[in-house]
1. Only bridges with both residues in the chain count here: give the DSSP antiparallel percent, nearest 5.
2. Using a Gaussian network model of the chain with C-alpha springs under 10 Å, which one of 96, 108, 69 is most mobile by mean-square fluctuation?
3. Which one, 138, 296, 270, projects farthest toward the positive side of the charge dipole computed for the chain from Cβ point charges (K/R +1, D/E -1)?
4. With axes computed from alpha carbons, what is the tilt in degrees of helix 291-310 against the longest principal axis of the chain, rounded to the nearest 10 within 0 to 90?
5. Compute the label zone of residue 274 within region 223-243: residues whose backbone N is under 19 Å from the point 7 Å along Cα-to-Cβ.
6. May I ask for the distance between the Cα centers of region 74-125 and region 191-265, given as a whole number of Å?
7. Under a crude label model (7 Å from the Cα following the beta-carbon direction), how far is residue 77 from residue 122 in nanometres?
8. What are the ³J(HN,Hα) values, in whole Hz, obtained from phi via the Karplus relation 6.51 cos²θ - 1.76 cosθ + 1.60 with θ = phi - 60°, for each residue of region 161-168 in sequence order, with x given for Gly and Pro?
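The values are calculated or read from the model by the stated rules, or taken from the named source; none is laboratory data. Quick caveat: nothing in here was measured; it's all calculated off a predicted structure. Methodologically, a virtual Cβ is constructed for each residue, glycine included, from the backbone with ideal geometry; neighbour enumeration extends over all protein chains shown. With ligands, DNA and RNA removed, areas are computed over all heavy atoms of the protein, side chains included. Shrake-Rupley method; radii C 1.70, N 1.55, O 1.52, S 1.80 Å.
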Amino acid sequence: MQRHLISAADLTRDDAVLILDTAEEMARVADRPIKKLPTLRGRTIVNLFFEDSTRTRISFEAAEKRLSADVINFSAKGSSVSKGESLKDTAQTLEAMGVDAVVIRHGASGAPYRLATSGWIDAVVVNAGDGTHQHPTQALLDAFTMRRRLVGRDAGLGQDLAGKRITIVGDVLHSRVARSNVDLLHTLGAEVTLVAPPTLVPVGIETWPCEVSYDLDSTLPKSDAVMMLRVQRERMNAAFFPTEREYSRRYGLDGDRMARMPEHAIVMHPGPMVRGMEITAEVADSERCTVVEQVANGVSVRMAVLYLLLGGNEPAVSHARTTTEEK
Ligand code: NCD
């Protein structure tokens with residue numbers, strides 16, 4: 001595995017399966033009364049968030065704390081960034097404090113790559129979402145959720161998602177979640193179809209390893225998982241569709257549409273959901289919707305990533321579990 005996690009495209013099939021399997025081990029920790037492992041004791045991790053976040057920030061923090069790391073939370077609002085400080089100076093400040101890993105979310109695509117390759121810092125860099133580019137831990141937690149639901153918790157160990165049909169619907173143009181998922185799902189052997197209004201399909205999509213469709217209704221019956229995306233207004237500088245109502249009617253998932261999906265198929269969403277826009281409350285609250293499960297799985301997956309990037313040769317979880325169980 002590479003030293004940093006910048007893009008889902010950097011992961012080989014074996015890397016990805018190792019992360020998913022390690023995350024299953026980590027998930028067992030979450031089932032215990034004391035949800036803590038000593039693995040990263042004495043290590044310092046900074047969560048460097050230049051963009052808003054609820055799930056991802058809390059999830060990384062929970063993962064770091066469960067691994068016993070020392071955690072520093074930084075958000076651009078209220079820091080010297082609002083006084084004009086550059087990424088370089090912020091990074092060098094962190095380096096001077098001796099941090100071991102930086103989890104970064106930034107509005108500019110490429111910021112985590114710059115941090116990892118600039119020589120400004122020695123720390124391991126984990127991308128928690130950069131612009132419209134990548135969000136690799138989101139793709140990993142989505143793959144983890146799909147593997148559990150579509151292959152099985154135990155049956156899934158060591159397995160990928162070969163042959164699974166995944167449909168990703170909505171604002172693909174502005175979505176780092178879609179980009180990361182297409183890369184990772186392809187590596188894991190799944191067949192991905194993107195469904196979006198023509199105005200929200202990125203230029204150059206024909207080079208992506210997936211199919212594109214403009215017709216949601218005909219795609220739903222052929223899907224094992226349907227992932228709904230939020231329309232990312234904060235990244236839009238023009239009108240990409242006439243009205244919200246029209247968008248919802250063509251690309252939103254409601255109860256009638258969900259009924260077209262095969263019985264075993266799941267509905268996914270990375271959050272935050274805009275109820276009434278891309279998904280109705282009926283679907284969001286249904287048994288088939290995994291949005292809350294995805295959040296829980298996110299902690300296990302981020303524990304696995306941090307453990308594998310920082311834990312090095314130290315005892316794996318299974319060892320930690322054995323010692324706890326022996327007590
Ligand atoms: C996504 C993001 O920030 O890229 N959310 C997330 O990380 N859970 C998607 C979004 O904001 O719509």
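1. For the chain, the DSSP antiparallel bridge percentage is about 5.
2. Its mean-square fluctuation being the largest, the pick is 96.
3. Ranked along the dipole, the leading option is 296.
4. 40 degrees
5. The answer is 227-243, whose backbone nitrogens lie closer than 19 Å to the label point.
6. 34 Å
7. 3.5 nm
8. Calculated HN-Hα couplings, in order: 10, 3, x, 6, 9, 10, 10, 10 Hz.
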